[in-house]
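Only the coordinates and a few stated rules stand behind these numbers; no lab work does. All values reported here derive from a predicted model rather than from experimental measurement. For neighbour counting, all protein chains shown are included, and Cβ atoms are generated from backbone atoms with ideal geometry for every residue, glycine included.
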Amino acid sequence: MKSCLIIIPAYNEEEHIAGVLDDVKKSNPAADILVVNDGSSDKTSELSRQKGVMVLDIPFNIGYGGAVQTGFRFATEEGYDFVITLDGDAQHDPASVQNLIEAMEREDADVIIGSRFLGAPYSMGTARKIGVFIFSRIARLYTGITFTDPTSGFQLLNRTVFSYLSSGDNYPLDYPDVNIIMVLHKRKFKVREAPVRMVEKRQGKSMHSGLRPLVYVARMFLAILMVLLRKED
Amino acid sequence: MSLGMRLVIFILGTSLFLTILELVRKKNFREELSLVWLLIGFGMILASIADLVIDPLAFSLGIGYPPALVFLIIFFFLVLVVLYFSVVVSDLKGRNKELSQKIALMEYRLNTLRKKD
């Protein structure tokens, strides 16, 4: 595989970031690593720098999608051929990156989404299960392809795709999930899945607590509706 | 409506209108955003004689209590104003994102150049 950048968006991840970076370096020695510090108020940035990786410091918190898009912009300007997005909270096992790369070569795809449900068993709450089920069905209805884990942020994207997503409003600030799969399908990009290993988040604030799941589902439905209504994306 | 009441509403409307004009003149309020508030101020000035139109209109619409129509109109305009400012905030959020991303990228390049020197 040609030049590859691993983008790790991180917001207040001082507890995990050093461990994540060690694991990423160990399992992917050939790839460059970029931590996008999304306005953290803790030592996320300093700890990342100490690990000798590239760090982008966004002056204030702009959201997960905005941080990932900043990484896409960097990769586009620096001429990378591929990017891998991997969360900074130690949910994604960096050793699974190889699965994504192999799947991209095998399927000749533009995007490979890492699915936690295709590999080892993964436990999650009922509300999340229902959410994933609904969005999987919507993705299948629209694309005709089964996506078992459309909300996964563990992805491998080629240059054509990430340079498209890096510009303007092509990537949402908060929830880049099934709506992005639909947008990419609409633009005739080939999106497929590959098994990855994930562990459920134990510490920190989850986006799946309190009223957030309801807000998330409502906004995702709105995003899906907009994809359907917009002629150009 | 009594003449005194008309006068009070007229003075309040005119004060609001002039305050906004002054804010714009001093460049404390952007012209393009102030337009909505100038319209509201102008509307308040007109409100001092609005009963001449509102009362017959309310009765023709079958509204027995004309002030209800006034509240309805005010509510509608305020919703429009809130919508307008929500659009402005949304636009600002997008620009904010662009700027913060550019700052992060430029800062990285600046630090890289410094290290090279």
Per-residue HN-Hα couplings for the range A:153-167, Karplus 6.51 cos²θ - 1.76 cosθ + 1.60 at θ = phi - 60°, whole Hz, x for Gly and Pro? x, 8, 9, 10, 10, 8, 4, 4, 6, 5, 6, 5, 5, 6, 9
Bin width 10 Å, origin at 0, all Cα-Cα pairs of the range B:5-62: what percent of pairs per bin? 24, 38, 25, 11, 2
In what sequence do A:ILE62, B:ILE103, A:ILE145 fall when counting other Cβ within 10 Å, fewest first? A:ILE145, B:ILE103, A:ILE62
Taking beta carbons within 10 Å but only from partner chains, what does the mean come to for residues A:59-65? 3
What nm value, rounded to one decimal, do you get for the distance between B:GLU32 and A:LEU229 when each label is placed 7 Å out toward the C-beta? 2.3
For the protein assembly as shown, what value does the Rg/Rh ratio take when both radii are computed over Cα atoms and Rh is the Kirkwood radius, given to two decimals? 1.13
Before rounding to the nearest 500, sum -39500 (n - 2.57) across all DSSP H runs of length at least 4 in chain A and divide by the residue total; then give [θ] at 222 nm in deg cm²/dmol. -13000 deg cm²/dmol
Sorting check: for A:39-50, A:212-223, which peptide has the highest mean count of neighbouring beta carbons within 10 Å, and how do the rest follow? A:39-50, A:212-223
Under the span-like rule (Cα at least 20 Å along the axis, Kyte-Doolittle mean at least 1.6), DSSP H helices of chain B: B:3-25, B:31-47
Would you calculate, for chain B, the mean residue ellipticity at 222 nm contributed by helices, counting each DSSP H stretch of 4 or more residues as -39,500 (n - 2.57) and dividing by all residues, to the nearest 500? -30500 deg cm²/dmol
Mind sorting A:TYR175, B:TYR84 by how few other Cβ atoms lie within 10 Å of their own Cβ, fewest first? B:TYR84, A:TYR175
Please check: in the Gaussian network model of chain B (C-alpha springs, under 10 Å), which one of B:LEU69, B:LEU92, B:LEU83 has the largest mean-square fluctuation. B:LEU92
FRET efficiency for B:PHE10 and A:ASP42, Cβ-Cβ distance as r, R0 = 45 Å, nearest 0.05? 0.20
Quick one: Cα centre-to-centre distance for the range B:17-81 and the range A:135-181, in angstrom? 46
Listing A:MET104, B:MET1 from the residue with the fewest other Cβ atoms within 10 Å to the one with the most, what is the order? B:MET1, A:MET104
